[in-house]
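S.K.: One structure is given below, represented as structure tokens, and several questions about it will come after.
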């Protein structure tokens, strides 16, 4: 094996070309239309849903969460501790009695608001119901996974096929970042608590809420390990800074 001189070798390792980033694309099932995208690079993770015009960036090193609304060209950054406090407070009160949720839902029509409050109450109740391993196995995008199910007291059933982190083929740093982000979800609590509890990353999921009134399914379509542009993990500088309350209420636009 040809050895590189020490300094050029270190420069190569530090260069953008040597960075092993990860891009995980999820699609709706069975339509195969784009659903969500998860990007990981260094200590940063970005999550976005198709068509939403918004995305979230978690910086584990800085312990911050940045929300970006590309449609309104606004952004806000909050410490992870602040987010955990807000979510913790929301999880302990009835959705109809929370000033913060009142602000977030004030522009909804009455019927949609009642439905949202009902679903939030169900999500709060479901925090006590874990996903249980079924013994079944599957695979998506060539990655093996194990099936877990959650049976809600409302009659809804949700299923996850969970891949071990090591099976995703990520770099050591990207795997640590992904594990760290899911650990933050566990520490924060909220509606996603039981999903974050499973030992790995869900790469296929299906289920419903509101006695089958709302449902959906998705799956991992592909994993790319090519280097990603660094600016993907930062809010554009020209975007207007707004408060978290403005971002939640949708009033941060011009």
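Every read-out reported here was derived from the displayed coordinates using simple, explicitly stated rules and does not represent laboratory data. Note that this is a predicted model, so its numbers are computed, not measured. Cβ sites come from the backbone with ideal geometry, for glycine too, and all protein chains shown count toward neighbours.
S.K.: Restricting to bridges with both residues inside segment 21-249, how much of the DSSP beta-bridge set is antiparallel, in percent to the nearest 5?
M.R.: 95 percent
S.K.: Next up: Gain in length, residue 133 to residue 239, computed as 0.36 nm per residue apart minus the alpha-carbon separation, to one decimal in nm?
M.R.: So the extension gain works out to 33.7 nm.
S.K.: Then there is this: If each residue's Cβ is checked for other Cβ atoms within 10 Å, how do 156, 212, 115, 174 rank with the fewest at the top?
M.R.: Taking fewest neighbouring Cβ atoms as first place, the list is 212, 115, 156, 174.
S.K.: Would you mind putting 123-135, 143-155, 38-50 in packing order, based on average other-beta-carbon counts within 10 Å, highest first?
M.R.: Answer by packing, highest mean first, reads 38-50, 143-155, 123-135.
S.K.: Using the per-residue mean of other Cβ atoms lying within 10 Å as a proxy for protection, in what order, highest first, do the peptides 232-243, 189-200 fall?
M.R.: Listed from highest to lowest mean packing, they are 189-200, 232-243.
S.K.: In terms of the Cα gyration tensor, with a ≥ b ≥ c the square roots of its eigenvalues, is segment 179-222 rounded because a/c is under 1.5, prolate because a/b exceeds b/c, or oblate?
M.R.: It is oblate, given that a/c is not under 1.5 and a/b is not larger than b/c.
S.K.: Where Rh is the Kirkwood radius over the Cα pairs of segment 21-249, the temperature 20 °C and the viscosity 1.002 mPa s, what D in µm²/s does Stokes-Einstein return?
M.R.: Value of D from the Cα-based Kirkwood radius: 114 µm²/s.
S.K.: Continuing with this model, one more query. Where the Cα atoms of segment 41-84 are projected onto their three principal axes, how long is each span, largest first, in whole Å?
M.R.: Per principal axis, max minus min of the Cα coordinates gives 28, 22, 16 Å.
S.K.: Mind running the shape call on segment 127-254? Use the C-alpha gyration tensor, a ≥ b ≥ c as the square roots of the eigenvalues: rounded below 1.5 for a/c, prolate if a/b tops b/c, oblate otherwise.
M.R.: oblate
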